[in-house]
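Throughout, read-outs are computed from the coordinates displayed, never taken from laboratory work. Since the structure is predicted, the reported quantities are computational estimates derived from the model, not experimental observations. Positions of Cβ are backbone-derived with ideal geometry, glycine not excepted, and every protein chain shown enters the neighbour counts.
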Amino acid sequence: MLRRLELAPLYLGALACLFISGPAHAQVRPGGHAPARITQRVDERNLFVLQGSTHREIDRDNDLGDVDDDLPMTHILLQLRRSPEQERELQQFIDELHTEGSPNFHRWISATEFGQRFGLAEQDLETITGWLKSHGFQVNVVYSSGMVIDFSGTARQVRQAFHTPIHHFERRGERHIANVNDTQVPVALAPAVVGVVSLNDVKPVALYRMHKPSRNFTFNSSGATYAMVPSDLATIYNLNPVRGAGYAGQGQTIALIEDTNVYSATDWTTFRSTFGLTGYSSASFKTIHPGPSSGPNNCINPGVIAPNDAEAILDAEWASAAAPGAAIQMVSCADTSTTFGGLIAMENLVNSNSQPPAIMSISYGQCETQNGATANAAYNSVYQQAVTEGVSIFVAAGDSGAAGCDNSVSQATHGMGVNAFASTPYNVAVGGTDFSDTYSGTNSIYWNSTNTSTFGSALSYIPEIPWNSSCAGQLVSNYEGYTTPYGASGFCNSDVGAFLQSTVAGGGGPSGCATGTPSIAGVVSGNCVGWPKPSWQSILGNPNDGVRDTPDVSLFAADGLWSHYYVFCWSDIANGGAACSGDPSGWSGAGGTSFASPIMAGIQALINQKAGSRQGNPNPEYYHLAANEYSSNGSSCNSSNGNGVSSACIFYDVTQGDMDVNCMGPNCYQPSGSTGVLSTSTQSYNPAYGTTTGWDFATGIGSVNVANLFASWPSTAPSFLLSAAPSSLSFTQGTHVTTAITVTQQNGFGGKINLSVSGLPSGVTASFTPNPATTSSDLTLTASSTAATGDATVTITGTSGGLTSSTPITLSVTVVGNFALSASPSLSITQGTKVTSTITVTPQNGFATSVSLSASGLTSGVSAAFSPNPTTASSTLTLTATSNATTGTFPITITGVGGGLTHNATVSLTVNAGPNFTISASPGSLNVTQGTTGTSNVTVTPQNGFSGTVSLSASGLPNGVTFLFNPNPATASSTLTLIASSTATTGTVTVTVTGTSGTLTKSTTVTLAVTAATNFASGWLDSDVGAVGLAGSATFANGTFTVNGAGQQIYGTADSFNFAYQILSGDGSIVARVASISPATATPGVLIRNSLDPSDMSAFAAYYQSTAYLNYRTTTGGSSSQASAPAGTLPSRTYTSAWPCTAPIPPRWPPASSTMSR
């Protein structure tokens, strides 16, 4: 037990009561032996009302109107009705299954056989599915039981087929959908149809209560609290002798029914590790989403649904606390718009082609009147089928006392009611208790002042009282100095008692509205009738009321009023959980019958393990044992005796306290004051309900002494036990060892047993000879050379039909000679270089073999070499990167192999870029006419410190075209001149310009278009100069040049234009007259220039919009100058100077004063 102070308050809950199941194709052929019940023709005009299909708590005053007609209504469950004769036959069969000496004792059947014997006739099923299809529904699954059909459709189809509209409603501040009235079907179908399980989206309640700190008024506001941890559970309820005998649930599976996944499966592991449960290595935790055995899946992974994920993880942790060696199976399906996912999960499990888990626990609830008759029938039906398959079903009885319809509210307003999920005759309803040591001031007698290493401190069994956190409890009233909890001067109407106005208490009461319809919403009234009392519920204290009464048994479930609550690991901090680190005093704390149910399921797993088989409904045996105890031991088993209670008791009879809650309305005794207390009489105080000797509504037959229950459980069914000799084995890596597995047959067992082993360390394998076995088998365990070393406990499991047995073996795997491999963790290399690193081989335990080394994971362009290789001590790894090696950081695995062993070391290699360059050409395209030239500037761009020279070349030239680079080689840039002869091949080609420097090679391309030569006079050429954009052209005819060109004005530091020209050697001048210009903004003229380089020296006599200009550039790459000129200009060159001359038009052209040097 964990001693600690207050935990933070938190209230969690979820409400769900609808049942609409998944897609359905026929699974089997049910109803093989049943006579047809549908004998009339289906007439849609003659209808029958199916009562109990409307959620009575939907507030009609908050009706928000019709839903959309096309609203999907998926996985609706139609509950079917077998004949009265079949029902009687089924009940007799269930009784015989649980009666020793009966020919049918424990002869469980399959889902298929169940459907054939107790399901509807195939003819009826076909009629019903045909009717559904005729209304447009998709029939998803006809379950093997022959009792349930899953179908889907829309709100419109539901309205048209079942004659009820679907509306939006507001309920308790939340928006819901629900049918407005009870459903109707054709009269012909009525004998075979119970009804639609649910057409609303109100969900069941998760039955747990988060622990909250006490107010300043209460008795422990500043005192210690005594939280329950697994070792306390084992001490208080006497689990330790069972575990000492080797029983911890090995080979057993506990299925937890949920509509959510857990937030983190690590929480389960942390819980077990912290509280000392990890030594039970056979345990496991797994989440499944079971689909139907055929047809489309109707069990969708729900993900994490808060706060129900708290319910899921506490179920898993505390089931494992009771049976630490069992397999915990989280069985979760998503809720649909109208169906609780837990019901889908159960239907799919019990209708599976394989045998379902032998134990199920359900920690959700909904009161009978709110659940409705059809949904009540659905749970009763699936539980019936489960017990015929040998399944034991445990259900939380409820967390609201006898006010099952008023969960987690300040006062009861619906009178008395019970949890519909727990009130059937086919499940164990588990109630809740608290400890009375705080009330009696005896904490120090029952709790140690310090904790063990697993945080336990309970010293013995502790006297119990009903769990009750309401002011209506007589004990808390007395403790606070009040004579009564009721009346104006009673505790509930006091200032102090007002803080405890609540319905929080362990659930219980008589089944009151399993069938029929209440006349008052949520209240047992109208024609309500409870489930009939089962024959086994006949015991001292149980009333002769003719109905099923709950609970059956009880375990601690308090949420902290009297200083006690459960600790659990729920790390969903965002939704109210707590970090599961450090001392568990900071972990989550809670109470509720949600804890008691999975714990009782875990206790049953221990019994099943001992019995060697599944037990079906354990209630008949619980009541049989309790009846014997009450008649023989009497007051010696009174829980109030505390640590003086008889050591022979199987059940502890709780006789002090009550589970009464405060109330208004039905079943409320309120003589005065603003609130009353729940009572079986409104005229006098008869608390609902108090304890008594024997069975009572507050705690059932009481709580349990597990060791005595375990020892008293009958084991008359054929079974077997396994044992191993020797059971402790030690061997080294690379060797094997053998032990003998002995089968001890019990009660006439003679079957074959399939043997398996779990919990093996990594690298250890197992084989049995023979397998299957009847009396013995030799188990050989083989450890590989790399098997994990250390101690481990493995579990040997034998299975024969539904019987299982297991035995543990302790292994110790020791190490053999080995070696370790190490290397520098990181290396860096530059393209075109190499780097070295030392790889070290460290021998261990006498290892003396050479180790061969290799490297993997090398990136492109990097190679590895080892010297020496193989080696016994060290080797030099040389990594070489080419100049083109891929750059970046890469993990390289160094592998050493020797002596049958393999080890790896990882080196992080970073490849850095080396000196490099790129080249580019501008312009990237040239248009050259035959007999002319074109130029492009090639730029060399250094990278990463490159400083070399680059040799340039060109390839891909057409015939008749040659190239010239100036300069070549180059360091920064070079002019590429492409020279087309007069006979050069015309067309467009891609010229590749390649630059080479040492081992580095780069390239770029230039698009070259060679066009046919124009019809010029001999010696004339045409070429675009510079980056013109659009290619130009020129023609000559009748003494006139026509020049077409693009580009910019010939000015600045570089020119772009179309040039019709001759190559001039020596002195000369050019004379031309501008005949016409188009467009008027064009700039024609005559030009002498040094070369076709766009930036070379030039003299240009230009004509622009009726004005003559003189543009000239005197240095290559220099800026241009401009002067105005008369209408006539001509450029002239003499020796090393060129100048323009000007003159009026026409004929004389005197020289201008400007000159330019070549």
Highest to lowest packing among 579-586, 1003-1010, 850-857, scored as the average C-beta count within 10 Å: 1003-1010, 850-857, 579-586
Stretch gain in nm, segment Ser776-Asn181, where the contour uses 0.36 nm per residue and the Cα spacing is subtracted: 207.7 nm
Neighbourhood charge, 10 Å Cβ-Cβ cut-off, centred on Trp467 and excluding it, Lys, Arg +1 and Asp, Glu -1: -3
Model label zone, Ser646; criterion: amide N under 17 Å from point 7 Å along Cα-to-beta-carbon; scope the stretch 675-714: 693-695, 701-713
Convex hull volume per residue for the stretch 280-345, taking Cα atoms only, in Å³: 96
Sorted by Cβ density within 10 Å, fewest first, the residues Trp467, Trp587, Trp713: Trp713, Trp587, Trp467
Cα-centred dipole magnitude for the chain, charges only on beta-carbon of K, R (+1) and D, E (-1), debye, nearest 20: 4220
Candidate values (i) 58; (ii) 41; (iii) 32, label of the one derived for percent of Cα pairs over 61 Å apart: (ii)
Helix 593-611 vs. the chain, principal-axis angle (Cα, 0 to 90°, nearest 10): 80
C-alpha long axis of helix 341-350 to longest principal axis of the chain, angle in °: 70
For the stretch 47-202, with +1 on Lys and Arg beta carbons and -1 on Asp and Glu, the positive-most of Gly101, Ile177, Val49 along the dipole: Val49
For the stretch 964-1109: rounded, prolate or oblate by the Cα gyration tensor [a/c cutoff 1.5]: prolate
Angle in degrees between helix 373-388 and the longest Cα principal axis of the chain, rounded to the nearest 10: 80
Where a label projected 7 Å from the Cα of Thr484 along Cα→Cβ would reach, residues of the stretch 688-702 with amide N under 17 Å: 688-690
Rounded FRET efficiency, nearest 0.05, which uses the C-beta distance separating Glu87 from Leu459 and R0 of 41 Å: 0.20
Relative packing of peptides 76-89, 356-369 - highest average C-beta neighbours within 10 Å first: 356-369, 76-89
Zone of Gln1122's modelled label, taken as backbone nitrogen in the stretch 1024-1050 under 11 Å from a point 7 Å along Cα→Cβ: 1049-1050
Cα shape, the stretch 719-814, gyration tensor, a/c 1.5 rule: prolate
Charge-dipole axis of the chain as Lys and Arg at +1 and Asp and Glu at -1 on Cβ define it, positive-most pick from Leu314, Ser282, Gln1122: Gln1122
Cβ crowding within 10 Å averaged over residues, with 91-102, 1071-1082, 548-559 ranked highest first: 548-559, 91-102, 1071-1082
Cα-based shape type of the stretch 243-287, given that a ≥ b ≥ c are square roots of the gyration tensor eigenvalues and the cut on a/c is 1.5: oblate
Calculated [θ] (222 nm, deg cm²/dmol) that DSSP helices of n ≥ 4 give over the chain, each run adding -39,500 (n - 2.57): -4000 deg cm²/dmol
Whole-number percent relative contact order across the chain, with pairs defined as alpha carbons under 8 Å at least 6 apart: 8
